[in-house]
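The values are calculated or read from the model by the stated rules, or taken from the named source; none is laboratory data. Computed from a prediction, not measured in an experiment: that's the story for all the values here. Here the Cβ positions follow ideal geometry from the backbone for every residue, glycine too, while neighbour counts run over all protein chains shown.
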Amino acid sequence: MANLIESYEIQMVEPGCSVGTGRWGALVTLPNDISAVFPYLNAVLPKASYDHENKTIIWTEPQQAYALRPCEIRIARVSDPEQARAAASELAARINKIWQDRESITPSTKQKRPPPVMEIYKLLPRTNCRQCGYATCMAYAAALSQGATTLEQCAPLLPADKDRLQKLITSV
Ligand code: SF4
């Protein structure tokens, strides 16, 4: 059976919300539309944020975070081109395997949207201290909403607010 992802190009990018913080990401450009696999990814990734109408799926893992559009993959938390190439290759292999196994997977178009950035922001210390690696609390809130970072990165976060944020993040 043919692979869904046969080729791609990779660029290192510095996310706008993290300029100057030393955080990098990889932008993977695809020559073909891979959105047909998104409902299958949504089925096997219970914590992914999926928007079927707009064809986007986002999820986070301990090492990297991923955001997919029809002809584009963004991989957060890569430190150099070698790591970007390895992460892209590993993800392409995983997507191709899911695509090849799709007859045994029940696709899901259930909408799972990320928690609102402003709701997250309101519970943060809002001091812009940068200890989390992001330039502002708002940038960190946006990253949290997309699953690209964890609550543990905000050292000044009060335990009660951390509990509230945990509930907010896992309620989607
Ligand atoms: S560590 Fe917390 S308080 Fe400091 S900038 Fe990041 S989110 Fe804001």
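Taking Ile98, is it in the same structural domain as Trp59 (by TED's automatic domain parsing), more than 17 Å from the chain's Cα centre (by Cα) and either closer than 18 Å to Thr56 by Cβ or within 14 Å of the ligand (Cβ to nearest atom) (or both)?
Criteria met by Ile98.
Can you find a residue that is in a loop (DSSP other than H, G, I, E, B), within 16 Å of the ligand (Cβ to nearest atom) and in the same structural domain as Val13 (by TED's automatic domain parsing) anywhere in segment 65-81?
Looking through segment 65-81, at least one residue is in a loop (DSSP other than H, G, I, E, B), within 16 Å of the ligand (Cβ to nearest atom) and in the same structural domain as Val13 (by TED's automatic domain parsing).
Give me the pairs: first residue in segment 122-137 and near the ligand (Cβ under 6 Å from one of its atoms), second residue of a type in the set (Lys, Arg) and at pLDDT 95 or above, beta-carbon distance under 7 Å, and six or more apart or on different chains, which are they?
Matching pairs, first to second residue: Cys137/Arg126.
Quick one: in segment 40-62, which of the residues that are modelled with pLDDT under 90 and within 10 Å of the chain's Cα centre (by Cα) is farthest from Pro114 (Cα to Cα)?
The qualifying residue farthest from Pro114 (Cα to Cα) is Glu61.
Report, by residue number, each residue of segment 121-172 that is touching a helix residue (DSSP H, G or I) at 6+ places or on another chain (Cβ under 6 Å) and not in a helix (DSSP H, G or I).
Scanning segment 121-172 gives Leu123, Leu124, Arg126, Asn128, Cys132, Tyr134, Thr149.
Report, by residue number, each residue of segment 85-120 that is assigned to a loop (DSSP other than H, G, I, E, B) and of a type in the set (Ser, Thr, Tyr).
Of everything in segment 85-120, those that are assigned to a loop (DSSP other than H, G, I, E, B) and of a type in the set (Ser, Thr, Tyr) turn out to be Thr106, Ser108, Thr109.
Restricting attention to segment 138-149, report how many residues are of a type in the set (S, T, N, Q) and free of Cβ contacts under 8 Å to residues at least 60 places away in the same chain.
Adding up the residues that qualify gives 1.
Per-residue answers, yes or no, for (1) of a type in the set (Ser, Thr, Tyr); (2) surrounded by 14 or more Cβ atoms within 10 Å (Cβ to Cβ):
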| position | (1), (2) |
| --- | --- |
| Ala67 | no, yes |
| Gln100 | no, no |
| Met118 | no, no |
| Tyr134 | yes, yes |
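Restrict the check to segment 141-149 and report whether at least one residue is closer than 28 Å to Ala36 by Cβ, touching a Pro at 6+ places or on another chain (Cβ under 8 Å) and within 15 Å of the ligand (Cβ to nearest atom).
Checked segment 141-149: at least one residue is closer than 28 Å to Ala36 by Cβ, touching a Pro at 6+ places or on another chain (Cβ under 8 Å) and within 15 Å of the ligand (Cβ to nearest atom).
Do the conditions hold for Pro62, that is, is it closer than 27 Å to Glu6 by Cα, in the same structural domain as Leu30 (by TED's automatic domain parsing), away from the ligand (no atom under 16 Å from the Cβ) and touching a residue at least 24 places away in the same chain (Cβ under 8 Å)?
Answer is no for this residue.
Among Leu165, Leu157, which is within 14 Å of the ligand (Cβ to nearest atom) and farther than 20 Å from Glu61 by Cβ?
None of the other options fit; the residue is Leu157.
Output the residues belonging to segment 69-87 that are among the polar types (S, T, N, Q) and surrounded by 13 or more Cβ atoms within 10 Å (Cβ to Cβ).
Gln83 - this is the single residue of segment 69-87 that is among the polar types (S, T, N, Q) and surrounded by 13 or more Cβ atoms within 10 Å (Cβ to Cβ).
Looking at this structure, is Thr109 exposed (fewer than 15 other Cβ atoms within 10 Å of the Cβ), of a type in the set (S, T, N, Q) and away from the ligand (no atom under 15 Å from the Cβ)?
Answer is yes for this residue.
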